[in-house]
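The values are calculated or read from the model by the stated rules, or taken from the named source; none is laboratory data. It should be emphasised that the depicted structure is a prediction, and the values quoted were computed from it without experimental measurement. Cβ: placed from backbone, ideal geometry, glycine included. Neighbour counts: every protein chain shown. Just the protein is used for accessible areas: all its heavy atoms, side chains included, with ligands, DNA and RNA removed. Shrake-Rupley method; radii C 1.70, N 1.55, O 1.52, S 1.80 Å.
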Amino acid sequence: MTAQVLAKTLGMQRDEWLELRRQGIGGSDAAAIVGLDRYRSAFDVYADKIGLKEEQPDNEAMRQGRDLEDYVAQRFMEATGKKVRRRNAMLQHPEYPFMNANIDRWVVGENAGFEAKTTSVLNRAKFSQGEFPPNYYVQCVHYMAVTGAERW
């Protein structure tokens with residue numbers, strides 16, 4: 001299975017991208033829908049999708065995560081010897097068009113994706129033990145379902 005390109009995002013204005021996001025369920029929405037997002041509920045997702053909720057401005061952690069995405073991808077490539085590339089598209093499941101994905105990167109030469117995450121130094125001990133938040137797991141599984149990837 002291969003995901004369809006719903007829209008090319010290179011050069012797309014943020015307002016246009018946000019409106020397009022409202023037309024389906026994305027990876028971060030999936031975690032909220034199943035109750036594993038401590039900041040958003042299933043109702044928050046619903047209210048956003050039907051336009052009852054205004055777009056919330058980014059907080060500092062959100063901005064830093066987006067700003068550091070390329071750095072995290074570079075470090076991943078350095079550590080693993082693998083190459084990742086931007087997809088620059090909103091992807092859509094071919095059979096379930098409500099399932100969308102805005103992936104961070106695709107692993108070159110593999111049927112695999114890459115999701116860049118940053119966190120607080122306060123989580124260092126937890127992450128060094130191989131744990132990760134369940135909402136990240138749900139997001140990656142959603143992306144695998146949309147793209148047909150073997151791993152994320």
Completion exercise
Picking from Leu6, Leu68, Leu10, the residue that is in contact with a strand residue (DSSP E or B) (Cβ under 9 Å, 6 or more places away or on another chain), more than 22 Å from Ala145 (Cα to Cα) and aliphatic (A, V, I, L, M) would be Leu10
Exercise for the section: Check whether at least one residue in segment 63-83 is surrounded by 12 or more Cβ atoms within 10 Å (Cβ to Cβ), among the charged types (D, E, K, R) and not in a helix (DSSP H, G or I), and report yes or no. Expected result: yes
Problem - Cβ pairs under 8 Å, 6+ apart, first in segment 23-39 and touching a residue at least 12 places away in the same chain (Cβ under 8 Å) and of a type in the set (Gly, Ala, Ser), second in a helix (DSSP H, G or I) and open to solvent by 60 Å² or more (accessible area, probe 1.4 Å) - result: Ala30/Val141; Ala31/Pro134
Problem - Flag for Asn123 being of a type in the set (S, T, N, Q), open to solvent by less than 60 Å² (accessible area, probe 1.4 Å) and either in contact with a Ser or Thr (Cβ under 6 Å, 6 or more places away or on another chain) or in a helix (DSSP H, G or I) (or both) - result: yes
Handout entry: Hits in segment 1-17 (condition: open to solvent by 100 Å² or more (accessible area, probe 1.4 Å) and either in contact with a Leu (Cβ under 8 Å, 6 or more places away or on another chain) or part of a strand (DSSP E or B) (or both))
Key = Lys8
Exercise for the section: Determine whether segment 18-40 contains at least one residue that is under 24 Å from Tyr137 (Cβ atoms), open to solvent by 90 Å² or more (accessible area, probe 1.4 Å) and not hydrophobic (A, V, I, L, M, F, W, C). Expected result: yes
Practice task
Please find, within segment 44-62, the residue that is farthest from Phe98 (Cα to Cα) out of those that are open to solvent by 80 Å² or more (accessible area, probe 1.4 Å) and in a helix (DSSP H, G or I).
Solution key: Glu60
Practice task
Six or more apart or on different chains, Cβ under 7 Å: which pairs go from a residue in segment 115-138 that's more than 21 Å from Leu68 (Cα to Cα) to one that's surrounded by fewer than 15 Cβ atoms within 10 Å (Cβ to Cβ) and of a type outside the set (S, T, N, Q)? Could you list them?
Solution key: Val138/Val34
Fill in the blank from the handout: Asn135 fails exactly one of (1) surrounded by fewer than 18 Cβ atoms within 10 Å (Cβ to Cβ); (2) more than 18 Å from Phe76 (Cβ to Cβ), namely (1)
Exercise for the section: Being in a strand (DSSP E or B) and either in contact (Cβ under 8 Å) with a residue 24 or more places away in the chain or open to solvent by less than 80 Å² (accessible area, probe 1.4 Å) (or both) is the filter here, so list the residues in segment 84-112 that pass it. Expected result: Val84, Ala89, Met90, Leu91, Gln92, Met99, Asn100, Ala101, Arg105, Trp106, Val107, Ala112
